[in-house]
Amino acid sequence: MPTMADSTDSFSIDMETSSPGGKEHFIETSKGLISVAIFGDQDKPALITYPDIGLNYMSCFQGLFLCPEAFSLLLHNFCLYHISPPGHEWGAAPTSRDDPALSADDLADQVADVLDYFGLGAVMCLGVTGGAYVLTLFAIKYTRRVIGLILVSPLCKTPSWSEWLCNKVVSNVLYYYGMCGLVKELLLMRYFSKEVRGGSLVPEADVVQSCRRALGEMQSLNVLRFLEALNGRADITDGLKRLQCRTLIFVGENSTFHLESLHMTSKLDRRFSALIEVGRCGSLVTEEQPDAMLMPLEYFLMGYGLYRPCELNISPRSPLSPTSISPELFNPENMGLKLKPIKTRVSKA
Ligand SMILES: *[C@@H]1O[C@H](CO)[C@@H](O)[C@H](O)[C@H]1NC(C)=O
């Protein structure tokens, strides 16, 4: 497998900049420049992530990766390639109003360009809502390049009337007023449950505050472009039948996309898909209740023969070292999860 850093691919320019703990690359795809932040050992299988509208890997997946068990599970098994939607990386320049608009289809093709650039064959994908749509479309178009899909509050139909209207309001306000308070509130409603957004009696949760700050760093025109690409998305329900990989779906019970995600799950082959509904949670499960994702992720990855190392620096020979993962670890109550009785359609071939 070719490694990227020393690749002298003439088609791509690679302006490396350092970001904390990872390496950010700018890849010139057939549909424009895109930022990919890499964490981990590039000899390991690749896990591609794609965030929702207005977010990047820091604001969309930080909660999950700050959870030590999830971090060790994912970094032990994968090298992470965090793709940012065009212009969603920190410090991005605003796109020019004359740049051609990108469709969701173009965004899916960009993912293929990223894989080609890094010489990646088949990958695992993790996407949230809009990002889940892009990665699902990518999996439908390039079936053999995806070994598994982990989708958080995903969608596969065209926008509902209410989503379409809300997106139109957001895009108009973004266009005329930029990333103002109203846009931030509407986006936060898209991501989080009412519970963490707080109200007159309950304070807003930290995770919502930091997300609002992160939104303030975004370039409004770039967010507008991704939003418009998704508002013009096609119904890809029929394509789901062509998927050849296992799929793990998480959806927040209080997500505005709850019904959409249930619809999508119902169209997947039951033998290869599992649905986890997370109680009292909005769409952005990775930030609002990342702990709830751990156990299902472990089970899902076990299906690929992947596992989480028994952490701590105990020598493997030590009589004290755990030889197997203790069963209590899988008991939701011990993990303090608010998982409702997990409604799974268990996967496994
Ligand atoms: C979340 O969803 C559950 C189940 O649909 C519902 O009972 C509950 O009231 C919702 N919570 C909020 C804050 O909307």
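Bear in mind these aren't lab numbers, they're just calculated from the coordinates by the rules spelled out. Source: prediction; values computed, not measured. Neighbour counts are summed over all protein chains in view; Cβ atoms, including those assigned to glycine, are modelled from backbone coordinates with ideal geometry.
Return the long-range amide H neighbours of V146 (sequence gap of 5 or more, or a different chain), with a cut-off of under 5 Å between placed amide H atoms.
Residues meeting the criterion, in which the H sits 1.01 Å from N, are V123.
Between the stretch 149-182 and the stretch 261-304, what is the C-alpha centre distance in whole Å?
For the stretch 149-182 versus the stretch 261-304, the Cα centre distance is 23 Å.
With labels modelled as points extended 7 Å from the Cα through the Cβ direction, what inter-label distance (nm, one decimal) is found for D43 paired with D206?
3.7
Shape call for the stretch 157-222 from the C-alpha gyration tensor, a ≥ b ≥ c root eigenvalues: rounded (a/c under 1.5), prolate (a/b greater than b/c) or oblate?
oblate
For T49, what residues show an amide H to amide H distance below 5 Å, using hydrogens built from the backbone and excluding near sequence neighbours?
Residues meeting the criterion, in which the H sits 1.01 Å from N, are Y81, H82, I83, L126.
Between L120 and residues 5 or more places away or on another chain, which pairs have amide H atoms under 5 Å apart, with H built 1.01 Å from N, and which residues are they?
none
Read phi for every residue in the stretch 120-126 and hand back ³J(HN,Hα) as whole Hz from Karplus 6.51 cos²θ - 1.76 cosθ + 1.60, θ = phi - 60°, with x for Gly and Pro.
Once θ is set to phi - 60°, the couplings for the stretch 120-126 become 8, x, 10, 10, 8, 10, 9 Hz.
Using only the Cα atoms of the stretch 235-314, build the gyration tensor, take square roots of its eigenvalues as a ≥ b ≥ c, and label the shape rounded, prolate or oblate: rounded if a/c is under 1.5, else prolate if a/b is larger than b/c, else oblate.
oblate
Binned at 10 Å from 0, what are the whole-percent values of the Cα-Cα distance distribution for the stretch 59-210, short to long?
Taking all Cα pairs of the stretch 59-210, the binned fractions are 9, 31, 38, 20, 3, 0 percent.
Counting Lys and Arg as +1 and Asp and Glu as -1, each charge on the Cβ, what is the dipole of the stretch 218-299 about the Cα centre in debye, to the nearest 20?
400
What is the P(r) of the stretch 90-154, as percent of Cα-Cα pairs per 10 Å bin from 0?
21, 45, 28, 6
Quick one: 3J(HN,Hα) in Hz for the stretch 218-226, Karplus 6.51/-1.76/1.60 with θ = phi - 60°, rounded, Gly and Pro as x.
Working through the residues one at a time gives 7, 7, 4, 5, 6, 5, 4, 5, 5 Hz.
For M189 and T237, what does the FRET efficiency come to when R0 = 30 Å and r is the distance between their Cβ atoms, rounded to the nearest 0.05?
After rounding, the FRET efficiency stands at 0.75.
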